[in-house]
1. In whole Hz, what ³J(HN,Hα) sequence does segment 103-116 give by Karplus (6.51, -1.76, 1.60; θ = phi - 60°), x for Gly and Pro?
2. Starting from the alpha-carbon convex hull of segment 97-166, give the projected area averaged over all orientations, in nm².
3. So how do LYS177, LYS121, LYS51 line up by other beta-carbon neighbours within 10 Å, fewest first?
4. Which residues among segment 150-176 fall inside the zone where the amide N is under 16 Å from a point 7 Å beyond the Cα of ASN83, along Cα→Cβ?
5. Going by how many other Cβ atoms sit within 10 Å of their own, how do SER118, SER144, SER89, SER109 line up, fewest first?
6. How far apart, in nanometres, would the label points at THR61 and LYS177 be if each is projected 7 angstrom from Cα along the Cα-to-Cβ direction?
7. For segment 35-48, what does the Karplus curve 6.51 cos²θ - 1.76 cosθ + 1.60, with θ = phi - 60°, yield as ³J(HN,Hα) per residue in whole Hz, taken in order and with x for Gly and Pro?
Amino acid sequence: MKRLFFTWKFLGPGLVGALCLLIFSLTAVTGEKFTLDEAVLRKAEQQYGPKARARLLEWQTLIRENSALSDMDKLTVVNRFFNRYDFVSDAVHWNMEDYWATPVEFLASDGGDCEDFSLAKYFTLKALGVQENKLNLTYVKALSLNQAHMVLTYFEKPGAEPLVLDNLVGDIKPAGKRTDLLPVYSFNGSGLWIAKQRGRGQLVGKSDRLSRWQDLLGRMPQGLN
């Protein structure tokens, strides 16, 4: 968690000198055919040790074995899988004020901050076949902590009350039950919304306005973005 950097054009400056673990090829398609390239696994093991490879292979297995589940079951499996990991601030983890890690970077390095949890869940659910228009990455103010925070929200259908997947709270709850969170804005691969209510809010443009989102997509392997 960190203070919020938001303007109409972008979220702060671009990132340079960041760890680019995912320059290697990766074959990734929905469900049982999802495959991490050996070069990715080898690079992770070289940087973070044998447990990094094991964590990535466990993620690969999760995606391969759960694509036939209902959306609700997918949410539960993915939320539980990632919430086992530790919260680590970007300053400690990456020696940066703000860095959005890819799922491979998050898993290989064994943790991350709230954005990293939410992004890892988002891309994993997409790989499992959950439609992108049902998923939003949502910035909120965590009122009890008086800090900016990111969660993943899921809309069963347009206009529905979203469900909240959060690394701070293990249970998936409807947004109306999360009175400790004040929505600020949300986005996914197709849009950017000002979210002053506990729904999706008002569309104000495309997510390519967010520089950190664009930087992240540039580091994502083909097939996961």
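We did not get these values from a lab; they are worked out from the coordinates using the rules stated. In this text the structure is predicted, and so the values were computed from the model without any measurement. Neighbour counts are summed over all protein chains in view; Cβ atoms, including those assigned to glycine, are modelled from backbone coordinates with ideal geometry.
1. Running phi through 6.51 cos²θ - 1.76 cosθ + 1.60 with θ = phi - 60° gives x, 5, 5, 4, 6, 4, 8, 6, x, x, 9, 4, 4, 5 Hz.
2. 5.4
3. Fewest-to-most Cβ neighbours within 10 Å comes out as LYS51, LYS177, LYS121.
4. Residues 150-154, 163-176 fall inside that zone.
5. If I rank by nearby Cβ atoms, fewest first, I get SER144, SER89, SER109, SER118.
6. 3.0
7. Going residue by residue, I get 9, 7, 5, 4, 5, 5, 5, 5, 4, 4, 5, 5, 7, 10 Hz, with x marking Gly and Pro.
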